[in-house]
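Heads up, the thing below is written out as structure tokens.
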Amino acid sequence: MQYPEPIAKLIDSYMHLPGIGRKTATRLAFYTVDMNKTDVKNFADALTSTKNDLRFCSICGNITETDPCEICSDPTRDQSKIMVVEQSKDVMTMEKMKDYNGLYHVLHGVLSPIEGKGPEDINISSLIKRLQKNEEVKEVIIATNATPEGEATAMYLAKLIKPAGIKVTRLSHGLSVGSDIEYADEMTLSKAVSGRTEM
Ligand SMILES: [Zn+2]
């Protein structure tokens, strides 16, 4: 027996999400069928809104409703520091810590030879342009995750940026090896930032 088309389509959509296989997608689809109309509408609106109302900041690459984003357009932020992170969600994690008042740059990924991801596939060229244009920047803090890809990306960026006479630092490894920034608690993160070392 085939599922009715709306359900088949929904299962297919859920299967596009990371970590969701056919079984879970089917369960979610039938769960959705049982939800009330308002909840389904809110869910659908939230999905649509992420695409319609959000864009990437033209300066730092972070997701934002306004361009430039709130952080890039805030004159009270320390313009001499740029922290480079893998994902927009890492910016949120760092902001929760409240210890860091500099700017950010979101790479939207890491270098990964296995996945065929090179420097042109992540948001690196705009970082370099940003550094060339902005003489105020004195330090680039590389906060990619402590994974092999995160480390390789950090090394690559350090090599690229250091010749310009800008200090390049890396978060200290209170963060355990292989760990993602998003899973670190605020205390650990705060120590990793304050104990950062020059590359
Ligand atoms: Zn921005």
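The values are calculated or read from the model by the stated rules, or taken from the named source; none is laboratory data. Quick caveat: nothing in here was measured; it's all calculated off a predicted structure. Please note: Cβ atoms are built from the backbone with ideal geometry, for glycine as well, and neighbour counts cover all protein chains shown.
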Would you be able to say whether some residue in the stretch 80-101 is surrounded by 13 or more Cβ atoms within 10 Å (Cβ to Cβ), farther than 23 Å from E182 by Cα, in the same structural domain as L157 (by TED's automatic domain parsing) and over 13 Å from the mean Cα position of the chain (by Cα)? yes
Scanning the stretch 109-148 for residues that are assigned to a helix (DSSP H, G or I) and touching a residue at least 60 places away in the same chain (Cβ under 8 Å) gives S126, R130
Can we say V193 is in contact with a helix residue (DSSP H, G or I) (Cβ under 7 Å, 6 or more places away or on another chain) and either at pLDDT 85 or above or surrounded by 16 or more Cβ atoms within 10 Å (Cβ to Cβ) (or both)? no
Any residue at all in the stretch 52-73 that is within 22 Å of A192 (Cβ to Cβ) and free of Cβ contacts under 8 Å to residues at least 40 places away in the same chain? yes
With the requirement that a residue be of a type in the set (K, R) and in a loop (DSSP other than H, G, I, E, B), what does the stretch 92-108 give you? K98
All conditions in (1) surrounded by 11 or more Cβ atoms within 10 Å (Cβ to Cβ); (2) farther than 14 Å from L103 by Cα; (3) within 16 Å of the ligand (Cβ to nearest atom) are true of S49 except (3)
Answer yes or no: is there a residue in the stretch 21-28 that is loosely packed, with under 12 Cβ neighbours inside 10 Å and of a type in the set (G, A, S). yes
For K162, indicate whether it is over 26 Å from E70 (Cα atoms) and assigned to a helix (DSSP H, G or I). yes
Step by step: first the residues of the stretch 56-72, then only those that are more than 6 Å from the ligand (Cβ to nearest atom) and surrounded by 14 or more Cβ atoms within 10 Å (Cβ to Cβ), then the one that is farthest from H105 (Cα to Cα). Which residue is that? T64
When the stretch 73-91 is examined, which residues are found to be more than 13 Å from the ligand (Cβ to nearest atom) and in a helix (DSSP H, G or I)? K89, D90
Assuming V168 fulfils every condition listed in (1) part of a loop (DSSP other than H, G, I, E, B); (2) buried (at least 19 other Cβ atoms within 10 Å of the Cβ); (3) more than 19 Å from the chain's Cα centre (by Cα) apart from one, which condition is it? (1)
Determine which member of the set T66, T38, T24 is out of contact with any Leu (no Cβ under 6 Å at 6 or more places or on another chain), hydroxyl-bearing (S, T, Y), outside the structural domain of R170 (by TED's automatic domain parsing) and in a loop (DSSP other than H, G, I, E, B). T66
